[in-house]
Amino acid sequence: MLPVSTADKNCADFFDALFTSVSAVCVTGLVVHDTATYWSGFGQSVILILIQIGGLGVVSAAAAISMLAGRRINLRQRSIMQEAISAPQVGGIVRLTGFIFKTVLFIELIGCILMLPAFWGEFGFFKGLWYSVFHSISAFCNAGFDLMGVKAPYSSLTYFANNPLINITVILLIIGGGLGFSTWEDIKIHKFHLKNYHLQSKIILSVTAVLIVLPFLYFYFFEFSQWNISSGGRFLASVFQTVTPRTAGFNTVDISLMRESSIAVMIVLMLIGGSTGSTAGGLKTTTIGVLLAMSVSVFKRKEDITVFKRRIDNDIIKKASALVLIYLFLFFTSGVTISLVEGLPLTECLFETASAIGTVGLSTGITASLGICSRTILILLMFFGRVGGLTFIFAAVSQKQDNLSRYPLEKINIG
């Protein structure tokens, strides 16, 4: 809210500043003001710091500060760190945290270097360097904030729609940030020996591959085949719009011009999101992978739920099912509420709520026009989506309830 944070040196409205702060630290990307034209360089820097902290995770950032200060990390703190980054075990968690920071800085630096020629040619060296740093961090953290409003307000990366360098670099940064840090450690240790990967990494890589290939085929053959764009532009647009809904928030085409069927596909991708222990939000690829494995086991009438010759505990299935139910309930009821309050089409409102709870940042263009009530709903959804549904549940229920007695069993028919 400081005057120095805005381009016109006037204090930003409290609620606008709150919305922007939540969107940044929750790495969502929904905005009520164009980032490039409304906020000053100082304000953009504040946003970028929040994005970096949100992408790494508050727990990881706090642990890094403690490590740099020379403080010892006790067992309880190590356990919390393990949960925060979804590490397979407590042992080696401090080393893994160090690996995470080195990996993040290295990948963001590479992304910055790759994008610098394009931004340098467009804005000059120093401004181009700032744009490269900002977009590299925003892309890897799956935040979706951009500075391209200098070309056209709220235009995201549409100005570079036909630029392969920007498109491919941003796509790789988004995928890299969304894979999860434990998966990157598996890749570092085991290289191409996929059999040696942890089960979590195998599920993440498999589901991610499917979520890239299938939506790409849809967008390429059914959506952008109808647009008046070149074959190369059609390919880039299809890949980019396939990857970005999974919590990144950038776009290279006008989302509002896409067909409702394509909007529905993007809503599904936004709700699924990235992977556990990553910079991305959403239900997570592991949740969907586990539920798909459960469905296959039901169809095959198998007692155990198995994936890659490993059995999945029933407690994981219960958590995955509860998480999906919570997300769908909040996504739908929030969308209906905003539609009633604002008098807007339900599809646009559902797209907005999916974007918020999935911490994506994509919009059909209605965010800036929403009232206080609707923005408050989006703030709560963004916070819920970043912190995680199970975290809220476990915080509300302080301890596990072990009942010594059990009620009588009775079967019911379903389906």
Residue list for region 188-197, restricted to those being within 20 Å of Lys309 (Cβ to Cβ) and of a type outside the set (A, V, I, L, M): His190, Phe192, His193, Lys195, Asn196, Tyr197
Scan of region 221-261 for residues that are crowded, with 18+ Cβ neighbours inside 10 Å, under 23 Å from the mean Cα position of the chain (by Cα) and not β-branched (Val, Ile, Thr), ordered by number: Leu236, Ala237, Ser238, Phe240, Gln241, Pro245, Arg246, Ala248, Gly249, Phe250, Asn251, Met258
Within region 143-157, tally of residues that are of a type outside the set (S, T, N, Q) and free of Cβ contacts under 8 Å to residues at least 24 places away in the same chain: 2
Qualifying positions in region 362-386 - within 21 Å of Arg246 (Cα to Cα), touching a residue at least 60 places away in the same chain (Cβ under 8 Å) and either of a type outside the set (Gly, Ala, Ser) or open to solvent by 10 Å² or more (accessible area, probe 1.4 Å) (or both): Leu362, Ser363, Thr364, Gly365, Thr367, Leu378, Ile379, Met382, Phe383, Arg386
Within region 329-357, tally of residues that are of a type in the set (D, E, K, R) and more than 20 Å from Arg386 (Cβ to Cβ): 2
Failed item in (1) of a type in the set (A, V, I, L, M, F, W, C); (2) in contact with a Cys (Cβ under 6 Å, 6 or more places away or on another chain); (3) surrounded by fewer than 16 Cβ atoms within 10 Å (Cβ to Cβ), with Leu109 passing the rest: (2)
Matching option when the condition is among the acidic types (Asp, Glu) and touching a Pro at 6+ places or on another chain (Cβ under 6 Å), among Asp34, Asp16: Asp34
Which listed residue, of Phe106, Phe101, Phe119, Phe160, is over 21 Å from the mean Cα position of the chain (by Cα) and without any contact (Cβ under 8 Å) to a residue 60 or more places away in the chain: Phe119
Tabulated pairs, region 299-325, first touching a residue at least 40 places away in the same chain (Cβ under 8 Å), second of a type outside the set (A, V, I, L, M, F, W, C) and assigned to a helix (DSSP H, G or I), C-beta under 8 angstrom, 6+ apart or interchain: Val307/Lys202; Val307/Gly289; Phe308/Lys202; Ala322/Gly389; Leu323/Thr287; Leu323/Gly389; Val324/Thr287
Some residue of region 266-273 being over 24 Å from Thr286 (Cβ atoms) and either open to solvent by less than 10 Å² (accessible area, probe 1.4 Å) or not hydroxyl-bearing (Ser, Thr, Tyr) (or both): no
Lys202 vs. criteria touching a residue at least 12 places away in the same chain (Cβ under 8 Å), assigned to a helix (DSSP H, G or I), among the basic types (Lys, Arg) and over 23 Å from Thr28 (Cα atoms): yes
Residue match in region 323-341 (condition: open to solvent by less than 10 Å² (accessible area, probe 1.4 Å), part of a helix (DSSP H, G or I) and closer than 15 Å to Lys284 by Cα): yes
When residues of region 248-290 are limited to those that are polar (S, T, N, Q) and free of Cβ contacts under 8 Å to residues at least 60 places away in the same chain, the one farthest from Ser156 (Cα to Cα): Thr287
Helices (runs of 4 or more DSSP H) fully within region 1-98 counting 3 or more residues that are aliphatic (A, V, I, L, M) and modelled with pLDDT under 85: 58-68, 75-85
Subset of region 115-156 (residues that are among the hydroxyl-bearing types (Ser, Thr, Tyr), in a loop (DSSP other than H, G, I, E, B) and buried (at least 24 other Cβ atoms within 10 Å of the Cβ)): Ser156
Residues (of a type in the set (Phe, Trp, Tyr) and open to solvent by 10 Å² or more (accessible area, probe 1.4 Å)) located in region 13-39: Phe14, Phe15, Tyr38, Trp39
Within region 198-218, tally of residues that are open to solvent by 20 Å² or more (accessible area, probe 1.4 Å) and within 18 Å of Arg311 (Cβ to Cβ): 5
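The values are calculated or read from the model by the stated rules, or taken from the named source; none is laboratory data. All figures in this text were calculated on a predicted structure; none of them were measured in a lab. Cβ: placed from backbone, ideal geometry, glycine included. Neighbour counts: every protein chain shown. Ligands, DNA and RNA are stripped out before the accessible areas are found, and what is left, the full protein with its side chains, is counted by its heavy atoms. Shrake-Rupley method; radii C 1.70, N 1.55, O 1.52, S 1.80 Å.
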